[in-house]
1. If you take each beta carbon of peptide B:90-99 and count the beta carbons of other chains within 10 angstrom, what is the mean?
2. Report the full-extension gain for the segment A:Val12 to A:Asn70: residue separation times 0.36 nm, less the Cα-Cα distance, to one decimal in nm.
3. With contacts defined as alpha carbon pairs under 8 Å and 6 or more residues apart, what's the relative contact order of the range A:1-91 in percent?
4. With springs only between Cα atoms under 10 Å apart, run a GNM on chain B and tell me which of B:Ala90, B:Ala68, B:Ala19 wobbles the most.
5. Please report the carbon-and-sulfur percent of the accessible area for chain A; probe 1.4 Å, protein heavy atoms only, DNA, RNA and ligands left out.
6. Using only alpha carbon positions, build the gyration tensor of chain B, then give the equivalent ellipsoid semi-axes as the square roots of 5 times its eigenvalues, largest first, whole angstrom.
7. For the pair B:Gln80/A:Asp26, report the inter-label distance in nm, with labels modelled 7 Å from Cα in the Cβ direction.
8. What FRET efficiency would be calculated for the residue pair B:Ser26, A:Ala96, taking the C-beta separation as r and a Förster radius of 25 Å, to the nearest 0.05?
Amino acid sequence: NAGVTQTPKFQVLKTGQSMTLQCAQDMNHNSMYWYRQDPGMGLRLIYYSASEGTTDKGEVPNGYNVSRLNKREFSLRLESAAPSQTSVYFCASSEAQLAGVGEQYFGPGTRLTVT
Amino acid sequence: QKEVEQNSGPLSVPEGAIASLNCTYSDRGSQSFFWYRQYSGKSPELIMSIYSNGDKEDGRFTAQLNKASQYVSLLIRDSQPSDSATYLCAVRPGGYNKLIFGAGTRLAVHP
């Protein structure tokens, strides 16, 4: 099993460009999450999908959109990139809701730089 | 805004000592508490979970929870240089399918 995979691993964008970060998991998990991590800020939740067909905003959703394409895949889109979106982006998944939410498995991350 | 607070460190301990990492949270309705370890340049990995007041031990790791005081801690006994990493405290607010993470405490174990 590959676990949680993310593409691309690195990306450089110019201000105003758009891109989609891809995430897939092969653990048959119900819930999936997108985080960003900035120095000294820990992990901040952008969006999450508690189950296939649902998505909810996290702490920092502005400037992002998501799509839960199916149970395996959860993508994050930046419509018009800004330098403030320079960060490391992590996708994660968990098997269950509520009590099981905390046992999350993370992908390797995408390092995004917006110039 | 629900918050999880950690001392950013670095916390420096000698090899073989006990490292004590602390975390406080603001939401009294929080039900579940977790510690993740993150090596530099890597993704976080779950090392401990705790759901009820008291201590929970797993090998060299002990998680402690005090809901009345709204704090959770992680003790690492017989610290090793390989324990050098950032430790993230995470809390599940009551009724939510998500986690709130603290900013993390950087631990440095020196030989």
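The values are calculated or read from the model by the stated rules, or taken from the named source; none is laboratory data. All figures in this text were calculated on a predicted structure; none of them were measured in a lab. All Cβ positions, even for glycine, are placed from backbone atoms using ideal geometry, and neighbour counts span all protein chains on display. The area values use the complete protein model at the heavy-atom level, side chains included, leaving out ligands, DNA and RNA. Shrake-Rupley method; radii C 1.70, N 1.55, O 1.52, S 1.80 Å.
1. 6
2. Working: separation 58, 0.36 × 58 = 20.88 nm, distance 2.76 nm.
The A:Val12-A:Asn70 span can extend by a further 18.1 nm.
3. Working: 187 pairs, mean separation 30.1, N = 91.
Rounded, it is 33 percent for the range A:1-91.
4. B:Ala68
5. Ligands and nucleic acids excluded, carbon and sulfur reach 48 percent.
6. Listed largest to smallest, the semi-axes of chain B are 23, 15, 12 Å.
7. Simple spin-label model gives 2.9 nm for this pair.
8. Working: r = 25 Å, r/R0 = 0.99.
Working from the Cβ atoms, E equals 0.50.
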